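Inspection log for the structure reproduced underneath, given as structure tokens.
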Amino acid sequence: MKLDYKEIGKRIARRRKKLDITQEMLAEWVDISPQYVSNIERAKSIPSTEVIMRLALVLDTTPDEFLVGTARYEDQRWRTVAERLRGMSDAQLDLMEDFAAWVLERRA
């Protein structure tokens, strides 16, 4: 599965605007720079798995909404997973990102 970062950026921007949140507010709450938020939304930067998870938490949605365009609000287990990812090292997050990609490839 190839991720379309241009679409991911558009989905993040759409969700942010729907909630009437500025890029500056989002940046502060996610603990990234406003320039990074702008770059993500314009597909100039590729967000890490951790940043996608933090964006989803702050924007009260699931990472699915950004990655594939659908959100699962009825099942909030994703929040538990997101919280567990927060404390991981870069190496652990890389491993989790690879694992998630592997699981998605086998889902079809």
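Each value in this text was obtained by applying a stated rule to the coordinates, not by laboratory testing. Computed from a predicted structure; not experimentally measured. Neighbour counts are summed over all protein chains in view; Cβ atoms, including those assigned to glycine, are modelled from backbone coordinates with ideal geometry.
I'd like to check something: does the range 43-50 contain any residue that is out of contact with any helix residue (DSSP H, G or I) (no Cβ under 8 Å at 6 or more places or on another chain) and part of a helix (DSSP H, G or I)? No, that holds for no residue. Looking across the range 1-52, the residues that are within 23 Å of LEU93 (Cα to Cα), exposed (fewer than 14 other Cβ atoms within 10 Å of the Cβ) and of a type in the set (Lys, Arg) come down to LYS2, LYS6, LYS44.
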